[in-house]
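**Student:** Please see the structure below; I have some questions.
Here, each number is a calculation from the coordinates, and none is a lab measurement. Given the structure is predicted, the values throughout are model-derived calculations rather than measurements. Ideal geometry is used to build each Cβ from the backbone, glycine not excepted, and the neighbour counts take in all protein chains shown.
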Amino acid sequence: MYAIVNIAGQQFKVMNNQKIYVHRLEGKEDSSVTFDEVLLIEDDGKVVVGTPKIEGAAVSAKILQHMKADKILVFKKKRRKGYKTLNGHRQLLTKIQIEKIEEKASKKAASKKESTEKVVEVPDTSTKVEAKPTAKKPAAKKPATKKAAPKATAKKTATKKKPAAKKTDKKKDA
């Protein structure tokens, strides 16, 4: 049995007695917390999917420890500019242990459950099922592309070249 739960803005796939690290939670060590945002529950091939969450379902966990993650270094450099900077931080985490996954359904939740949640039977994956070949779709016709109209050329102005200065040998008779 497993469930997909939204914990502190992240989705986790959790099972009973599993230990996971999540973003820092409020609460003291050895206290218990309950997460109500259960998105999916799988139990022996039966999958219950919430839209967006399962009403009445909850996951309870125990806070084991508050801690910091390993240091992450952030180095920035712009070459040929003389710019270098080194920053770092340690993320705050909480280590929790999943105690119980509950799908409790009160009478109100049961009536809502039938209308908002889908129960899907997952086929046994141990046997291989051959997929049928899919029929090829006919190729879609490409829309005709319009040819660009020839560009209007501006009239070339007639530029007369100035005659090159004639080289004359002036020999003066003296």
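**Student:** Quick check: net charge around VAL14, other residues with Cβ under 14 Å of its Cβ, Lys/Arg +1 and Asp/Glu -1?
**Tutor:** -2
**Student:** Now, a different point. What are the GluC sites (Glu not before Pro) within region 1-100 that DSSP puts in a loop, where the Cβ has at most 14 other Cβ atoms within 10 Å?
**Tutor:** Passing sites in region 1-100 are GLU26, GLU29.
**Student:** Once the other residues with Cβ under 10 Å from the Cβ of THR85 are scored (Lys, Arg +1; Asp, Glu -1), what is the net sum?
**Tutor:** Net local charge, THR85 excluded: +4.
**Student:** Give the dimensionless ratio obtained when the Cα radius of gyration of region 2-121 is divided by 2.2 N^0.38 Å.
**Tutor:** Taking N as the residue count of region 2-121, the ratio is 1.46.
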